[in-house]
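S.K.: Handing you this structure, nothing more for now.
Readers should treat all values here as calculations from the given coordinates under stated rules, not as data from a laboratory. Everything numeric in this text was worked out from a predicted model, so none of it was measured. Glycine gets a Cβ as well: all are built from the backbone with ideal geometry, and neighbour counts include every protein chain shown.
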Amino acid sequence: MINRLISAIYRRLNLYYSSTKLLAHDLNDLYYDLKYSISTREWENLSDYPIILNKDSLADQFSKDFVDYVPSRYSYIFSALDSIPVNPSSTTILDVGSGKGRVLCCALLKGYQKVIGIEIGNHLVDLSRNNLNQIKKGVFRRRVVGDVLLKNINIEDYDHQDEYNVIFMYNPIRGDVLKKFLDKIPTGRKDIWICYLREKADRKLNSSRFHLYKKVHPKIAIYRLNNLTDRT
Ligand SMILES: C[S@@+](CC[C@H](N)C(=O)[O-])C[C@H]1O[C@@H](n2cnc3c(N)ncnc32)[C@H](O)[C@@H]1O
């Protein structure tokens, strides 16, 4: 709604459309942070905050394959979650590089049974915990019931023991780190859907294991593990 209002004002004033879109997105993000009394907007550089890693991964502390904290747009998250063909009340979502928890907050609001965040930045995990507690308090709206699990680890050390059905990735890792993560996703356990923001992932995800289920938007694609039977 805010997007449409801002676009209309800008059109009226003959202002440049892409700045209109950016401003509309920013205002939309501000609106949801204020609405839910959470704080997820400020970007952070990975090298600016403390990171605990095990000694084997220490060499990769500032790996070029790790990406800084930039939150997904709320509008993208909601469209993506609405496009994954699952029943949220029996679904666990894993956000790879969960940052300040915006995606996890949205998933709780959508009724997900469980949300899991993997995040390398220590203080980002603390901030996401505060945000998720705020969502769970549910001031002026119904309480959300989903469970929350936050893991302050490097994704390279993740063992994939959790029973997740949906993986959300907003460009958190690149290169070999991304490839290794994708290779470790277990097959044959149950339906697994991957929601990826950013087109560049296509090359890695269009492998024999995954295939494109839906392009929700030029920047949002939903994939699923290829060994599943066709049900959609
Ligand atoms: C682009 S942000 C996405 C944040 C959030 N998922 C969202 O969509 O709003 C990427 C996040 O991944 C985290 N990250 C980067 N490399 C990581 C790694 N190797 N292990 C775990 N988290 C990582 C960053 O600290 C950052 O919070």
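S.K.: Assuming R0 = 25 Å, what is the FRET efficiency of LYS180 and TYR49, from their Cβ-Cβ distance, to the nearest 0.05?
M.R.: Details: r = 24 Å, r/R0 = 0.95.
The computed FRET efficiency comes out at 0.60.
S.K.: Once the piece of chain linking LYS190 and ASN87 is laid out straight, how much longer is it, given 0.36 nm per residue of separation minus the C-alpha distance between them?
M.R.: On the way: separation 103, 0.36 × 103 = 37.08 nm, distance 1.38 nm.
Residue separation times 0.36 nm, minus the Cα-Cα distance, leaves 35.7 nm.
S.K.: When you have a sec, figure out the Kirkwood radius of the range 72-112 from all distinct Cα pair distances and drop it here in Å to one decimal?
M.R.: About 10.4 Å for the range 72-112.
S.K.: Using a Förster distance of 25 angstrom, determine the FRET efficiency expected from the C-beta separation of SER207 and ASP65, and round it to 0.05.
M.R.: The computed FRET efficiency comes out at 0.90.
S.K.: What are the semi-axes of the equivalent ellipsoid for the range 136-192, taken as the square roots of 5 times the Cα gyration tensor eigenvalues, largest first, in whole Å? Don't jump to the answer; show the numbers that get you there.
M.R.: Details: eigenvalues 153, 45, 24 Å².
Over the Cα atoms of the range 136-192, the ellipsoid semi-axes are 28, 15, 11 Å.
S.K.: Work out the P(r) tail for the range 46-225: percent of alpha carbon pairs separated by more than 23 Å, whole number. Display every interim value, and only then the final one.
M.R.: On the way: 6005 of 16110 pairs.
That fraction is 37 percent.
S.K.: Just rank LEU46, LEU212, fewest to most, by other beta-carbon atoms within 10 angstrom. Don't jump to the answer; show the numbers that get you there.
M.R.: Numbers: LEU46 17, LEU212 13.
Exposure proxy ranking, most exposed first: LEU212, LEU46.
S.K.: Within straight cross-link reach of LYS214, meaning Cα distance under 15 Å, which aspartates and glutamates are found once same-chain residues fewer than 8 apart are removed?
M.R.: By straight Cα distance, LYS214 reaches ASP82, GLU199, ASP202, ASP230.
S.K.: What ranking, highest mean first, results for peptides 162-172, 86-96, 215-225 when packing means the other Cβ atoms within 10 Å averaged over each residue? Walk me through the numbers before you get to the answer.
M.R.: Details: 162-172: 21.2, 86-96: 19.6, 215-225: 17.7.
Descending packing order for the listed peptides: 162-172, 86-96, 215-225.
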